[in-house]
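Here's the structure we're looking at; comments come further down.
The values are calculated or read from the model by the stated rules, or taken from the named source; none is laboratory data. The shown structure was predicted, so the numbers you read here are calculated from the model rather than taken from an experiment. Every residue, glycine among them, receives a Cβ derived from its backbone with ideal geometry; neighbour counts consider all protein chains shown. SASA here: full protein model, heavy atoms, side chains in, ligands and nucleic acids out. Shrake-Rupley method; radii C 1.70, N 1.55, O 1.52, S 1.80 Å.
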Amino acid sequence: MPSAVQRYKRLLSAALARYFPHTTAYLRAEREAAVQLKKPAPRAKKAASKGQSAGAKPSANPRRAASKPRTQGIYGPAMLTVEAEQAQAMREQVARAVTAGLLSAPSDEQWAMILSNHPLTRIFAGAGSGKSTTLVLRVAFMFCHLGIKPEQLTVISFTNASCAELREQLLKVLCFFNYPFDAVQGRQCVRTFHAAMGSVAKSLLDNPRWFEQLDDPQAASRELDNPLSAGRLRPAQQRLLKQAYQQCYAEQPAFRQKVHSLLQLPPPSDTGKRLPKAPLDTYKLAGEFSAAPLYEAFYAQAGFAESIGVELSTMQPQRLDTAIPVREFLEALRLFWPYFERALQAQGLMTFNGAFAELTARLNADGKSVSPQLLAPFSHLLIDEFQDISPQIVQWLQAVQRTLVGQGATVSLMAIGDDWQSIYGWRGSSPELFIDFDRHFPGKGKVKRSAVLTLANNYRSIEPIIRDAEALLGDVQHKQAKASQAINATQPGDHGVRLIQRFDSKARLPELLKQIREQCAYAAARNSRERNAVLLLSRRNEPLQAITAQLDKKLPVKAYTIHRAKGLQAEVAIILDDCQPPEPHPLRNALYAYSGFFSNSYDQAMQDESLRLAYVAITRGVSRVFWYCQKTQGATRILAGRGR
């Protein structure tokens, strides 16, 4: 039986957790990080997880040890030098900018990020927390007061569009601060991961052409962007893949056998003198939405495997604990991939994934031979939307900053993100990389663990919207404990999520159009300062296109897929989604286990992500949210249970 002192400690701990959730979460994160650092390397065989064979051999996870980070720290041992006079000077500059109407006054939690002296910091920045402005002020502080030069610092954001917004804000602030900084420096300082990688590839990989840009007439006029925005493969890309597929089929009897088996065709006949012609039947891989030619299916799954750190050249499909059809697909993929790589080389092409992997390998093998000036811009990294990076990019970041340390440079890393808004798991991203940050980015000396900060104030949505959104995350397995606080008061007429069930968007389209017009009038009547009165959101483009085709183009309404809407907001969010549950994906489950980066299965990650996607959709709304669905399941079932 616990003593009186123990009972008192438990009561006090519970009270602190209830009334000071952010402080409690910070201390919990610190304790967990300390425990992880003290743990010896595990030796015991890991128990089989759900969905895996209990008799799986240790060799089914041959990459588990290889995926662990090196033990020596990258960051530290000393803190960054931030004098009281420097901090005070920054506060005075910001105060003048606030008086001039350029900025809103930062909160205490935002000041903690702006003035941090820790070389390894992660910031859990909730929806609507003002992280972009805070990030810009952090950069201004480093330039204007810490003596860090623009050529020593890079801000990384997710897309070219988000980079353009950050550059615009940064130029305005630095101009007001009378710091010499122009648009050219802005383009070099604020980049996507792919543009940052491309700047190094020009020197170390002989300035390759990019497979992802084939047949793109606008490629030459813009910086490398995140390929997530790309649609279907363009004709030139399809031709190159088809060429590699045909050549592999013609030259590899084993590949022919596997292709026919996968497509459920009769065994191939090898008696003729002419080169056999590869079948172009489509193939539906379990877990994918639609069928595609085999060469496209190979390309898509290879891209996923590479993004989670799997090296296709050394992968051993026979050692994966998975069903025979999945293993056969991976064996065929391994035979096909060298032909695709040779086809790329023949045209002076590389894939983005291939370049990230090649640069990582070169830096790890012989980083001292790389010019310090080439990597200098990555000495101080500030990375936005960190929850959406992949293991492959983690490995590249490790290699870049470890190489800089080996060359005698001082490095720092500030990672800003929100695991609750991680929605790109289907391309290899995972919030686990952000939550387990210290495992992947080790420090030393006084910087053994990263500093953990939280931006919990929500300057966008009212309290009922925030609480409805957060209620969806209760069943998410991997998440950081936190809670947002609404800054804007709830006014008469405002509300959280209103759920409209059994809604047929085709039969009841006039009803929805009337609702959209009414919400535009509502936003106008309350003199909304929002750029958009209504955001129309769905996971798919098709329903959005059908609705917008019937709308008056003069209405202040924008329609986006939920993925594209991240970072946007409107007075009213209207969501149309049935929350279809993700299909089991045996192949990606096997690759997830093989990579060694994840503690759960791909299927579980996708279930969690479907709830996070709903959270992102709801938190686009400022004062009202409507959700239309035909059937309640997943997120809408949770909302229905709350009486919405």
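Quick notes
- The residues of the chain expose, per residue, 47 Å² of accessible area to a 1.4 Å probe.
- Taking all protein chains together and rolling a 1.4 Å probe, L568 ends up with roughly 50 Å² accessible.
- The Stokes-Einstein estimate for segment 553-633, based on a Kirkwood radius over Cα pairs and taken at 37 °C with 0.692 mPa s viscosity, is a diffusion coefficient of 223 µm²/s.
- Using the Cβ-Cβ distance between Q407 and E168 with R0 set to 35 Å, the FRET efficiency works out to roughly 0.60.
- Compared with the direct C-alpha span, the chain from A161 to L205 gains 13.2 nm at full extension, assuming 0.36 nm per residue.
- Gyration tensor verdict on segment 93-181 (Cα atoms; rounded if a/c is under 1.5, prolate if a/b is larger than b/c, oblate otherwise): rounded
- The chain - mean residue ellipticity at 222 nm from DSSP helices (-39,500 (n - 2.57) per run, n ≥ 4, rounded to 500): -14000 deg cm²/dmol
- 3J(HN,Hα) from dihedral phi, segment 170-178, Karplus parametrisation 6.51/-1.76/1.60, rounded to Hz, x for glycine, proline: 5, 4, 5, 5, 5, 5, 5, 7, 6
- Other-chain or far-sequence residues with amide H under 5 Å of A125's (modelled H): G417, D418, L455
- Accessible carbon and sulfur surface of the chain relative to its total accessible area, %, 1.4 Å: 52 percent
- The Kirkwood hydrodynamic radius of segment 509-644, based on inverse pair distances between different Cα atoms, is 16.3 Å.
- Among beta bridges identified by DSSP and lying wholly in the chain, the antiparallel ones come to about 5 percent.
- Contour excess over end-to-end distance, with Cα ends at R517 and N178 and 0.36 nm allotted per residue: 117.5 nm
- The modelled label-to-label distance between Q550 and E83, using points 7 Å beyond Cα along the C-beta direction, is 6.7 nm.
- Where a label projected 7 Å from the Cα of D108 along Cα→Cβ would reach, residues of segment 488-513 with amide N under 12 Å: none
- Listed pairs K448/K482; K479/K631; K242/K277; K258/K284; K506/K566 exceeding 18 Å between Cα atoms: K448/K482; K479/K631; K506/K566
- Label zone at R526 (point 7 Å along Cα-to-Cβ), backbone N below 14 Å, segment 612-631: 620-626
- Computed lengthening from A483 to Q318, 0.36 nm per intervening residue step minus Cα-Cα distance: 54.9 nm
- Residue order for D438, D270 - accessible surface, 1.4 angstrom probe, largest first: D270, D438
- Relative pair counts by distance (%), Cα atoms of segment 346-481, 10 Å bins: 10, 34, 32, 16, 7, 1
- Sequence of E212, E542 when ordered by accessible area, the most exposed leading, probe 1.4 angstrom: E542, E212
- A dipole drawn for the chain from +1 and -1 charges on Cβ atoms has a positive end, and of F503, Q246, Q316 the residue lying farthest that way is Q316.
- Candidate residues D366, D494, D388, D475: accessible-area rank, largest first, probe 1.4 Å: D475, D366, D494, D388
- Stokes-Einstein diffusion coefficient of the chain, Kirkwood radius over Cα pairs, 37 °C, 0.692 mPa s, in µm²/s: 123 µm²/s
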